[in-house]
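Trainee: Take this structure first; my questions come after.
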Amino acid sequence: MENSVWIAALAAAITAGTPILYAALGEILAERAGVLNLGVEGMMLVGAVSGFMVAVRTGSPWLGFLVALLAAGFTAAIFAFLTITLRANQVVTGLALTIFGTGLSGFLGKPYVGVPLPVSFKAVAIPGLANIPFIGPVLFRHDPLVYLTYILVPCLWYYFYRTRPGLNLRAIGENPAAADALGVNVFALRYLYVIMGGMLAGAGGAFLSLAYAPSWLENMTAGRGWIAVALVIFAVWDPVKALLGSYLFGGVDALTYTLQAATKISIPSFFLKMLPYVLTLVVLIIATRQTLVKHIGAPGALSIPYDREER
Amino acid sequence: MAGSFLTWEKRLEPSRVMVVIVPVLAVFMALLVGGIFLAATGFSPLKVYQDMLNGVIGSKYGLSETVVKAIPLMLTGLGVSIAFRMLLWNIGAEGQFYMGAFGASWVALTFPHLPAYIMLPAMLVAGVIMGGLWALLPALPRAKWGVNEVITTLMLNYVAILWVDYLVYGPWKDPKGFNFPLTAPFSKAATLPVIAGTRVHLGLVFALVAAILLAITLWRTRWGYEIRVSGESPRAARYAGIKIERNIILVMLLSGALAGLAGMSEVAGITHRLQHGISPGYGYTAIIIAWLAKLHPAAIILVSFFFSGLIVGGYSVQTAGVPAATVSMLQGAILFFVLGGEILTRYRLHFGRKEAK
């Protein structure tokens, strides 16, 4: 009895944490490469709306997911062009991307508000694994997009810390001039990782509109992109810690819904809805203090445009 | 990159011509991009833009509404700009606006019998204090431990909006308000005087005075000098013995106070009550305005009128089915093009290969 409540809560935490996880992994890629992209919220919304539009029209959630990756990746490419090639201020360009993405998604999505999705991503129990007591129902009865993150997180970790290209990625974020001197193409790689990061943010958005909700609503990300940006700091740019952090936030997210549904508790829903934002604030403060104490921190060249002539 | 098709040559001085040309060009390009999206979704872009323009300059109402909506944009824009000058990315003007509106409303609703000459100053002070405090919350951890203020200020926007929603849906809801999410109307003493026949209220004077005071502070006082140096070269500021932590807190207080003043003048000047969704994103538009105006107070006043016109024009075409989000799409696109164009003020662009050095 007790067990089933826990199982439901943990499974819900994973589902609710997955969109944040996708976005956080994307932001880790960009920030590791030395580019601070604050447009995550906007890219998620572009992913959510474009994925939904395509899935409604074609009836294929996978096709929607693919288009979400491409559309969000395209907006990330705009950001990359402005910040990497034209060396525009990364903070303000990121804000511009969020404002533009919010507006564009609201504009394109207007006819799709309230439209039902013919086929959404459905939970698939993984044969064998799903029957493991406790762990099975918590981890292995989700939709394919959740399983994708199970693969993505260890792959990213391995890539960062155990491969040559991963080393180059970290190098262009820590010391681009040195990497450049060793023959690493800083500009091209930064483009690559910013665009890939945008695609992952788009995946997070598409998860919301194609699996989690599944529907389109203006501004449906409700700050998850920003929470993901905060989470990257909390996770000290580590994909595994990002996974744990995402599930923590997912748990709080899911908890607010459960508490709202439970009529016995008389906390006004407005205060419950504040919870994820307040938690982000508190966690960010604690995490920042931790990084100060332990002398671990952001990639050295984060948010500094690379300029060969100013070496 | 060496040998590439496009090459940049750094200008010794930022181009004065480009400073003016780039924003104008950016607006034009953004309208072009917006037009493509409008056309793709079955609207006639020229007709939509013409109707928007008509909605603004075609009537006395449109013109006065443009002034009315410029007021909160000016105040929040000024607030954002002072923080941006110190490279403090306060994007919490939206929340600070809501808290200012809350503070002013609290005075108006709690002491309904105050005479106007006490009521209005008290509301102003409450709005300024609440806005300032809401900015102080992220300022303290930023000053002490370097906690990223972009995220903290933004998170507090959501909290402030939910707080006001809680009040207007809950304990402060007007019992005679037909269940709408708004408070009872303020007493007559709690309303700002207006120009007869329009909704243009005293907040306009607040904004203009604030702009002048801000300009004087920036270029005529030691503190203003410190702010400018801290933003332009933080390292030099530290060597010069400028107390950065103290200035972070003071600048954020001022920044939030101006946004709070905007919230106060909106409830006292326009709505005369606190209500759900009192800002259609003024605090975010303020960011674009501040950047477009190069953080200059006088330019912020001018640019605010343009963005206000965009908002008013946007409202006027919504009845024709044009999505409300068109305006924020255009705003984002304008900022994109301005950011992209800025390189033209700092660099000279050459096509073709550059001569070997």
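Trainee: If you place +1 on the Cβ of every Lys and Arg and -1 on the Cβ of every Asp and Glu, how big does the dipole about the Cα centre of region B:74-304 come out, in debye to the nearest 20?
Mentor: For region B:74-304, the charge dipole is close to 460 debye.
Trainee: Please compute the modelled spin-label separation between A:ALA261 and B:LYS176, points set 7 Å along Cα→Cβ, answer in nm with one decimal.
Mentor: 4.2
Trainee: Output the peptides B:104-116, B:70-82 sorted from most to least packed, where packing is the average of other Cβ atoms within 10 Å over each peptide's residues. Don't jump to the answer; show the numbers that get you there.
Mentor: Values: B:104-116: 18.5, B:70-82: 30.6.
Put in order of decreasing packing, that is B:70-82, B:104-116.
Trainee: Could you compute the net charge surrounding A:VAL40? Neighbours are other residues with a C-beta less than 15 Å from the C-beta of A:VAL40; K and R count +1, D and E count -1.
Mentor: Values: positive: A:ARG32, A:ARG224; negative: A:GLU27, A:GLU31, A:GLU41.
Residues near A:VAL40 contribute -1 overall.
Trainee: Within 10 Å of each Cβ in peptide B:139-152, how many partner chain Cβ atoms are there on average? Round it to a whole number, please.
Mentor: Numbers: counts 0, 1, 5, 2, 0, 4, 8, 5, 10, 10, 0, 8, 13, 8.
Whole-number average of other-chain Cβ neighbours for B:139-152 is 5.
Trainee: Using θ = phi - 60° and the Karplus curve 6.51 cos²θ - 1.76 cosθ + 1.60, what whole-Hz ³J(HN,Hα) does each residue of region A:33-39 get, with Gly and Pro shown as x?
Mentor: Those phi angles translate into 7, x, 10, 8, 9, 8, x Hz.
Trainee: Can you compute the charge dipole magnitude of the protein assembly as shown about its Cα centre, using +1 on each Lys and Arg Cβ and -1 on each Asp and Glu Cβ, nothing else charged? Give it in debye, rounded to the nearest 20.
Mentor: Dipole magnitude for the protein assembly as shown comes out near 860 debye.
Trainee: Amide H neighbours of B:LEU192 under 5 Å, at least 5 residues apart or on other chains, H built in the peptide plane: list them.
Mentor: Correct list: B:GLY269.
Trainee: So, by mean Cβ neighbours within 10 angstrom, what's the order for B:94-101, A:237-244, B:12-19 with the highest one leading?
Mentor: With the highest mean Cβ count within 10 Å placed first, the list reads B:94-101, A:237-244, B:12-19.
Trainee: A further question on this structure: Over all directions, the average projected area of the alpha-carbon convex hull for the protein assembly as shown comes to how many nm²?
Mentor: 32.3
Trainee: At 30 angstrom or more along the helix axis (alpha-carbon based) and mean Kyte-Doolittle of 0.5 or higher, what helices does chain B contain? Whole DSSP H runs only.
Mentor: B:16-40, B:60-85, B:116-145, B:244-266, B:297-318, B:325-346
Trainee: With a cut-off of 8 Å between alpha carbons and a minimum separation of six or more residues, what is the relative contact order of region A:2-310 in percent?
Mentor: Here the relative contact order equals 37 percent.
Trainee: Using 0.36 nm per residue, how much length does the chain from A:VAL115 to A:LEU70 gain when fully extended, once their Cα-Cα distance is taken away?
Mentor: Here the answer is 13.9 nm.
Trainee: Which far-off residues, 5 or more places away or on another chain, put their amide H under 5 Å from the one on B:ARG348, with H placed in the peptide plane?
Mentor: B:GLU9, B:LYS10, B:ARG11
Trainee: Across chain B, how many lysine pairs separated by 8 or more positions, or lying on different chains, have Cα atoms within less than 26 Å?
Mentor: Counting lysine pairs in chain B gives 14.
Trainee: Using +1 at the C-beta of Lys and Arg and -1 at the C-beta of Asp and Glu, which of A:ILE286, A:ILE7, A:LEU259 has the Cα lying farthest in the positive direction of the dipole of chain A?
Mentor: Among A:ILE286, A:ILE7, A:LEU259, the one farthest towards the positive end of the dipole of chain A is A:ILE7.
Trainee: Right, something else. List the pair-distance distribution P(r) of region B:74-304, using every Cα-Cα distance, as the percent of pairs falling in each 10 Å bin from 0 up to the bin containing the longest distance, rounded to whole percents.
Mentor: Per 10 Å bin, starting at 0, the Cα pair percentages come out as 9, 34, 34, 17, 5, 1, 0.
Trainee: Through the Karplus equation 6.51 cos²θ - 1.76 cosθ + 1.60, θ set to phi - 60°, convert the phi angles of region A:118-125 into ³J(HN,Hα) values in whole Hz; use x for Gly and Pro.
Mentor: Calculated HN-Hα couplings, in order: x, 10, 9, 5, 10, 5, 10, 6 Hz.
Trainee: Looking at chain A as a GNM with Cα springs under 10 Å, which of A:VAL138, A:VAL56, A:VAL282 has the largest mean-square fluctuation?
Mentor: Evaluated over chain A, the most mobile residue of the options is A:VAL282.
Trainee: Also: Given Cβ point charges of +1 (Lys, Arg) and -1 (Asp, Glu) and nothing else, what value in debye, to the nearest 20, does the dipole of region B:1-142 about its Cα centre take?
Mentor: On the way: 8 positive and 5 negative charges, 40 e Å.
The calculated dipole for region B:1-142 is roughly 200 debye.
Trainee: Now, a different point. Restrict the search to region B:163-241; then list the trypsin sites (Lys or Arg not before Pro) that DSSP places in a loop and that have at most 10 other Cβ atoms within 10 Å of their Cβ.
Mentor: B:LYS176
Trainee: Oh, and also: Run through region B:1-81 and list the chymotrypsin sites (Phe, Trp or Tyr not before Pro) located in a DSSP loop whose Cβ has at most 12 other Cβ atoms within 10 Å.
Mentor: Qualifying residues, ordered by number: B:PHE5.
Trainee: Can you report the principal axis dimensions of region A:95-212 using only the alpha carbons, biggest first, rounded to whole angstrom?
Mentor: 52, 45, 18
Trainee: Something else about it: Return the calculated 222 nm mean residue ellipticity for chain A, to the nearest 500 deg cm²/dmol, obtained by summing -39500 (n - 2.57) across DSSP H runs with n ≥ 4 and dividing by the residue count.
Mentor: -23000 deg cm²/dmol
Trainee: To continue, here is another question. Using all Cα-Cα distances in region B:54-159, what percent lands in each 5 angstrom bin from 0 up to the longest?
Mentor: For region B:54-159, the binned pair fractions read 2, 12, 17, 18, 15, 13, 12, 8, 3, 1, 0 percent.
Trainee: Hey, how many Å between the Cα centroid of region B:278-357 and the Cα centroid of region B:88-113?
Mentor: If you average the Cα positions of each part, the centres end up 27 Å apart.
Trainee: Hey, another quick one. What is the extension gain from B:LEU302 to B:LEU213, computed as 0.36 nm multiplied by their sequence separation minus the C-alpha to C-alpha distance, in nm to one decimal?
Mentor: 30.4 nm
Trainee: To the nearest whole number, what is the average tally of beta carbon atoms from other chains within 10 Å of the beta carbons of peptide B:156-163?
Mentor: 5
Trainee: Next up: For chain A, set up a Gaussian network in which alpha carbons nearer than 10 Å are linked by springs, and say which option among A:ARG164, A:ARG224, A:ARG190 fluctuates the most.
Mentor: A:ARG164
Trainee: Run the simple label-point estimate for B:GLU232 and A:LEU192 please: 7 Å along Cα→C-beta, distance reported in nm.
Mentor: Computed distance between label sites B:GLU232 and A:LEU192 equals 4.1 nm.
Trainee: Once fully extended, how much extra length lies between B:GLN50 and B:ARG220, figured as 0.36 nm per residue of separation less the alpha-carbon to alpha-carbon distance?
Mentor: Using 0.36 nm per residue and subtracting the Cα-Cα distance, I get 56.9 nm.
Trainee: Something else: If you take the alpha carbon radius of gyration of region A:2-310 and divide it by 2.2 N^0.38 Å, what ratio comes out, to two decimals? All intermediate terms of the calculation are to be shown ahead of the outcome.
Mentor: On the way: Rg = 19.3 Å, N = 309, 2.2 N^0.38 = 19.4 Å.
Its radius of gyration relative to the 2.2 N^0.38 Å reference: 0.99.
Trainee: Counting only complete DSSP H runs, which helices of chain A cover 24 Å or more along their long axis at the Cα atoms and score a mean Kyte-Doolittle of 0.0 or above? Walk me through the numbers on the way to the answer.
Mentor: On the way: long enough: A:2-32 (42 Å, 0.91); A:40-58 (26 Å, 1.38); A:61-80 (28 Å, 1.95); A:90-109 (27 Å, 1.35); A:144-162 (27 Å, 0.93); A:186-207 (31 Å, 1.45); A:239-261 (33 Å, 0.74); A:269-294 (38 Å, 1.40).
Answer set is A:2-32, A:40-58, A:61-80, A:90-109, A:144-162, A:186-207, A:239-261, A:269-294.
Trainee: If amide hydrogens are placed 1.01 Å from N in the peptide plane, which non-local residues have theirs closer than 5 Å to the one on B:ASN90?
Mentor: B:PHE84
Values quoted throughout were computed directly from the atomic coordinates according to the rules given, and no laboratory measurement underlies them. Given the structure is predicted, the values throughout are model-derived calculations rather than measurements. Backbone-built Cβ (ideal geometry, glycine too); neighbour counts: all protein chains shown.
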